[in-house]
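The values are calculated or read from the model by the stated rules, or taken from the named source; none is laboratory data. Keep in mind the model is a prediction, meaning the values are calculated, not measured. Positions of Cβ are generated from backbone atoms using ideal geometry, with glycine treated the same way; all protein chains shown enter the neighbour counts.
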């Protein structure tokens, strides 16, 4: 399939995104204890770890640290729970915070500095941390550095104040000119907007699918364009250039629904950092959960037949992301070649990125 045909398919992906948008010790710059640099950080024994916030103000902290006898869970400078090599605890009674951070401290080895991946905002539903994942070789992606999101045009004054306190300095907008004009970003004070238009210059949307099968096929072709389309390659070079600039962080990249153009950006980032494909896929598919309410509202507003056709456009599915990785192999031969030829990242750039964004 030609790039022009793929661009047309990607325009339909854009239409789906628009539909969703209409329907519905030391202290770091992020206001939490700063973890040690990777160079001085001992190897982290955790193989799994996650923090989940609940609506009642409590937090669930889960972990696995094989061979470790005791793990202390610290928040706000004090120990709030503890356990053994495997644990799951619920922490209550902590004061309200923009993001509640926890330090998981093993009896030996490096600690982890984690928060709930979702940043709760009034005007966005899919604003979440790109970090908090383990790489295949045992490192962890730092949290509080890179975020992914849906559209930012509905952010409230309280949201903007929160993002400023979280030190969001750069917002990379992956949307088209028409999207940006119709729903301009609201930025936290002091933040810089960078346009990285994945679909710039693509043919205008002309035709929607008429069956669910056509819709799914359209999404597959759109994902391929994000890998090999000329405008997509240029846009993602811009994204990675901003990510690599530590003075620009914290960085947010986003599109309209925060699932397709944004989804590939984060999948490429995590893959470049060495995160296993299964974890990359789980992060990608999580948009179905975060967007569930908005998607349900959009579909409920349509006749049943139309909703069936549109549902594949509102979903993220494994076949979509897999088509992107397949395109990497077909067009570039390997992900390393994609990094170099499409993203402009050589081996030294990747080492610097890992040195900057990984701990352990």
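For residue 218, work out the one condition from (1) under 20 Å from residue 128 (Cβ atoms); (2) at pLDDT below 95 it doesn't fulfil.
(1)
Output the number of residues of segment 255-282 satisfying the condition of being outside any helix (DSSP H, G or I) and under 14 Å from residue 173 (Cβ atoms).
Here the count works out to 4.
Taking residue 252 as meeting all but one of (1) part of a helix (DSSP H, G or I); (2) touching a strand residue (DSSP E or B) at 6+ places or on another chain (Cβ under 9 Å), write down the number of the exception.
Status for residue 252: all satisfied but (1).
Just give me the residues in segment 74-112 being under 30 Å from residue 160 (Cβ atoms) and part of a loop (DSSP other than H, G, I, E, B), in sequence order.
76, 77, 92, 93, 94, 95, 96, 97, 98, 99, 100, 101
Table: residues versus (1) within 22 Å of residue 315 (Cβ to Cβ); (2) touching a strand residue (DSSP E or B) at 6+ places or on another chain (Cβ under 9 Å); (3) buried (at least 21 other Cβ atoms within 10 Å of the Cβ).
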site	(1), (2), (3)
179	yes, yes, yes
208	yes, no, no
212	yes, no, no
216	yes, no, no
223	yes, no, yes
226	yes, no, yes
231	no, no, no
235	no, yes, yes
238	no, yes, no
